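The values are calculated or read from the model by the stated rules, or taken from the named source; none is laboratory data. Keep in mind that what you see is a predicted model, and the values were worked out from it rather than measured. Neighbour counts are summed over all protein chains in view; Cβ atoms, including those assigned to glycine, are modelled from backbone coordinates with ideal geometry. SASA here: full protein model, heavy atoms, side chains in, ligands and nucleic acids out. Shrake-Rupley method; radii C 1.70, N 1.55, O 1.52, S 1.80 Å.
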Amino acid sequence: QVQLVESGGGLVQAGGSLRLSCGASRSSFSISTLGWYRQAPGKQREFVATIRSGGSTNYADSVKGRFTISRDNAKNTLYLQMNSLKPEDTAVYYCNLAVGFSTYWGQGTQVTVSS
């Protein structure tokens with residue numbers, strides 16, 4: 001069983017920044033594909049960014065150039081640096097860990113961007 005714990009969410013004004021963190025309990029963290037997803041009220045959960053074990057990244061078009069995903073394998077921690085935040089970024093942000101045929105989710109952290 002893997003436990004993922006997100007932190008770093010909060011309330012920020014438009015144009016501001018936040019850094020999300022996700023700590024994982026799994027020893028195979030370094031070989032896992034990690035990702036961030038978000039779910040706004042009344043909407044489906046959507047992809048934000050992923051980072052593979054080799055470090056390659058992929059972003060949703062809506063966050064490209066504003067968000068940066070990174071990982072620290074020594075600390076079993078995933079990050080999402082969010083800059084130039086917009087009200088439409090308001091959502092619950094979830095981290096995801098995928099390894100082999102298994103996938104795991106955190107409990108989510110709320111990000112609210114005021115206009």
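Structure notes:
- Meeting the requirement of 3 or more residues that are under 19 Å from Val111 (Cβ atoms) and of a type in the set (A, V, I, L, M, F, W, C), the strands (runs of 3 or more DSSP E) wholly within the stretch 1-74 are 18-24, 46-51.
- Condition check for Ala49: surrounded by 14 or more Cβ atoms within 10 Å (Cβ to Cβ), closer than 13 Å to Leu97 by Cα and modelled with pLDDT of 95 or more: yes
- Per the conditions (1) touching a residue at least 40 places away in the same chain (Cβ under 8 Å); (2) of a type in the set (A, V, I, L, M, F, W, C); (3) under 20 Å from Thr103 (Cβ atoms), the sole criterion not satisfied by Ala14 is (3).
- Pairs are defined by a Cβ separation below 8 Å, a sequence spacing of at least 6 or placement on different chains, a first member in the stretch 25-42 that is farther than 15 Å from Leu80 by Cα and open to solvent by 20 Å² or more (accessible area, probe 1.4 Å), and a second member that is β-branched (Val, Ile, Thr) and not in a strand (DSSP E or B); the pairs so defined are Ser25/Val2; Arg26/Val2; Ala40/Thr90.
- Some residue of the stretch 72-80 being over 21 Å from Gln1 (Cβ atoms) and open to solvent by less than 40 Å² (accessible area, probe 1.4 Å): yes
- Condition check for Tyr59 on (1) of a type in the set (Ser, Thr, Tyr); (2) over 17 Å from Glu6 (Cα atoms); (3) open to solvent by 50 Å² or more (accessible area, probe 1.4 Å): one failure, at (3).
- Enumeration of residues in the stretch 1-13 that are open to solvent by less than 50 Å² (accessible area, probe 1.4 Å) and either small (Gly, Ala, Ser) or touching a His at 6+ places or on another chain (Cβ under 6 Å) (or both): Gly8, Gly9, Gly10
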